[in-house]
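Derivation of every value follows stated rules applied to the coordinates shown; laboratory data play no part. No experiment lies behind these values; they were computed from the predicted model shown. Reconstructed Cβ throughout: ideal geometry from the backbone, glycine too, with neighbour counts over all protein chains shown.
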Amino acid sequence: MAGNTIAFLRNHAPFNKMQPAALQRFAEKAQIAFYQAGSEIIGPNAGNVRFFYLIESGKVQARQAGEVTVTEYSILSLGAGEGFPIGAVTAGRPSTNVYSAVEDTFCYQLPAEDFLALMSSSPEFNLFCTKYIASLLDQSRRQLQLQFAQRASEQQTLNSPLAGIGSRSPVTVTPDTTLRVALETMSHAGVGSLVIAGEDGKPVGVFTRTDLLDRVVLAELPLSTPVGEAMTANPFMLEEHATAYDAMFAMANNGIRHVLVTDAEGRLTGVVSERDLFSLQRVGLRQIRQAIDGALNVEALQHSAADVRQLAFNMLAQGVGSEQLTQFISALNDALTRRVIQLNLEKHNFDGIEWAWLAFGSEGRDEQTFSTDQDNGIVFVPPEGASVDELKKRFLAYALDVNNGLDRCGFPLCKGNIMASNPQWCLTLDEWKDQFSAWIRTPHPDALLNATIFFDFRPLYGKADLAEAMRKHLLGLTASNPMFLRAMAKNALDVEPPLGKIRDFLTDLEPDHPGKIDLKKYGSRIFVDVARIYAMASGVHNTNSIQRLRLASQRLNIRSDEINAVLDALNFIQLLRLQHQYLEGEPGTQGDNLIDPETLNELDRRILKESFRQARKLQTRLKLDYQVN
């Protein structure tokens, strides 16, 4: 028994990194327990938690206890290799969640005293348990992936024939194969089900883990019995020419997770699972880039803009992290913007003039989400003897065409008029330098507000050296002016994370949206503002907030574990923004950043609370570094 337990543990974190003696201790002290589908395993009414539970097989759902509306998104699903309730057993208190078996489930039960002893003796296990909140980020991403999967599959290509989907080499055995051999085949192949097919290759049944429990273990069927006596006969089948939609409908209508695929003669050619349907993509990155680069007009780019949003959603549904996803969105939006710029150059000639199109704000930081408007400008160097005013008029007319083209592609005109078609932001290189100098010399409120927007810039098209000259000038000014950085720090501390002293969150900060929290204003903005200050203080040229924090932390001797926790927090808030914007935003509109924390599942509420705590810690450090009261 102990050997089987240790073999199981070695397949799951953190046990796969633990020493043999620690695994042996777990195997000796833990007992296996069975919970029937629908039964409660542990809850608040059971008193102080007596065991740590590790799922061996089956599925468990955790839901928050108390007066909380339970929706399909307010539950946390746990599967094989996942443990619970770590926080409660560590603290020696009752569980705040109700854990129930969704399927017939086997769990290892480790007594609380042995759990604590294992934490003391195993550094790997201790690290996993004490940094549990950080480890939950991966679980949250997996949950998000599952949550979006059905919606993603519905919006992708469901007309694809089954001949090109799923496994083309399904694991099969004949009906007279013994149960022992069938189980060994499943184990070696690492699959949870077998197709039972005759000598003619035609399927006659399937054998799953449910069949194993119901028809073998509970029925005490000898392992020498032919698998045909324990299989589920008459499996659902579709021919290769059927579509992914046909398979999805069959799964939903029949409550099944797999569809067998056959040729016209009824011979098995493949198996399509729910996961296979979820992994379909309507359009790929290469096709989008080719469509953007080859677009002949703005109308064609409008279709590409919709494809960018769809592909970004597909990636979100497949568990891609927020740092990678926001950079991905920004990169494709960059390509689209450049194409709009190029198309409009056909009507405007700037040959012989050094100039560049600049992106500001979130696009300047490579941090665009699904909801983004335009923040842009132009920098140019007039040729000797040229009229600056006349040249600026030409650039403004050109910029207006570009701004309108971007608006048609789904990037709304900036309400604050921070656009290249505004004479304030279409400047010569010397004018930009003078503007930066004026803001830093006299850091009044408007200057500080402008700094939070215009100091995050990068070139999208044209002479990149002009933007680099602007950056060198800016960093030279800030490095020699600590009073400006102190003013920026004070400004950054005006907004605090919405953490309540009694309640988890303060939800009365937005009078027009009671019960909501603005994740940009009270979340990501805090990290972005601090990252900007530390970047200017340490001479970091990067504009991306995560890169700024990573590089600045090294130069300012901030501990790696401290900054990693900050980055995890920022990434989670960004992920939550992306999720909300896609789910709440209507097609063709910009989603908002307003979330109701009561609608979040228990896991995401916990991580959001911890993320806000990290924001507060970061602000506390900034306050101490710049002696702001």
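Among 210-223, 536-549, 439-452, what's the highest-first ranking by average C-beta atoms within 10 angstrom per residue?
536-549, 439-452, 210-223
Cβ under 13 Å from R394's Cβ, R394 left aside: what net charge do those residues give with Lys, Arg +1 and Asp, Glu -1?
Here the count lands on -1.
Once the piece of chain linking K617 and T243 is laid out straight, how much longer is it, given 0.36 nm per residue of separation minus the C-alpha distance between them?
Residue separation times 0.36 nm, minus the Cα-Cα distance, leaves 129.4 nm.
Let's test the formula: R0 of 25 Å, r as the Cβ-Cβ distance of L127 and I32. What FRET efficiency results, to the nearest 0.05?
Working from the Cβ atoms, E equals 0.45.
With a 10 Å radius around each residue's Cβ, average the other Cβ atoms per peptide and rank 324-332, 384-392, highest first.
Result, highest mean first: 324-332, 384-392.
In the chain, if the dipole is taken from +1 on Lys/Arg beta carbons and -1 on Asp/Glu beta carbons about the Cα centre, which of L575, N48, A295 is farthest to the positive end?
Among L575, N48, A295, the one farthest towards the positive end of the dipole of the chain is N48.
Going by average Cβ density within 10 Å per residue, which order do the peptides 299-308, 174-183 take, highest to lowest?
Ranked by mean Cβ neighbours within 10 Å, highest first: 299-308, 174-183.
With n ≥ 4 as the cut-off for DSSP H runs, can you work out [θ] at 222 nm for the chain, using -39500 (n - 2.57) per run divided by the number of residues, rounded to the nearest 500?
When only DSSP H runs of four or more count, the value is -15000 deg cm²/dmol.
Report relative contact order for the range 463-521 in percent, whole number only (criteria: Cα-Cα under 8 Å, sequence separation at least 6).
Details: 23 pairs, mean separation 8.8, N = 59.
Computed value for the range 463-521: 15 percent relative contact order.
Calculate the length of the line joining the C-alpha centroid of the range 164-225 to that of the range 416-483, in whole Å.
Each part's Cα centre sits 67 Å from the other's.
Against the 2.2 N^0.38 Å scaling, with N counting residues, where does the range 285-625 land? I'd like the Cα-based Rg ratio to two decimal places.
1.01
DSSP loop GluC sites (Glu not before Pro) in the range 339-379 with at most 15 other Cβ atoms within 10 Å of their Cβ, which ones?
Those satisfying the criteria are E346.
Order of L575, L466 from fewest to most other C-beta atoms within 10 Å?
Taking fewest neighbouring Cβ atoms as first place, the list is L466, L575.
Output the pairs from K490/K617; K415/K520; K521/K617; K472/K521; K433/K490; K347/K433 with a Cα-Cα distance over 20 Å in this structure; if there are none, say none. Write out the running numbers ahead of the final one.
Details: K490/K617 15 Å; K415/K520 17 Å; K521/K617 17 Å; K472/K521 29 Å; K433/K490 24 Å; K347/K433 30 Å.
Result: K472/K521; K433/K490; K347/K433 exceed 20 Å.
Just to confirm my numbers, what's the Cα centroid distance between the range 336-397 and the range 530-584 in Å?
So the separation of the two Cα centres works out to 28 Å.
I need to check one value: relative contact order of the range 329-430, counting alpha carbon pairs closer than 8 Å and at least 6 residues apart, in percent.
Taking the mean separation of contacting Cα pairs over the length of the range 329-430, I get 32 percent.
Write out the trypsin sites (Lys or Arg not before Pro) in the range 447-521 meeting two conditions: DSSP loop, and at most 16 other Cβ atoms within 10 Å of their Cβ.
When the trypsin sites (Lys or Arg not before Pro) of the range 447-521 are filtered for loop state and at most 16 Cβ neighbours within 10 Å, K501, R503 remain.
Can you give the relative contact order of the chain as a percent, counting alpha carbon pairs under 8 Å and 6+ residues apart?
11 percent
Net charge near L238, counting Lys/Arg +1 and Asp/Glu -1 over other residues with Cβ under 12 Å of its Cβ?
Counting the neighbours of L238, the net charge comes to -4.
Within the range 364-400, which residues have the backbone N less than 13 Å from the label spot 7 Å out from E354 along Cα→beta-carbon, could you tell me?
Answer for this model: 379-384.
Count the net charge of all other residues whose Cβ sits under 12 Å from the Cβ of S193, scoring Lys and Arg as +1 and Asp and Glu as -1.
+1
Regarding the chain, what are the three Cα extents along the principal axes, ordered largest first, in Å?
96, 61, 44
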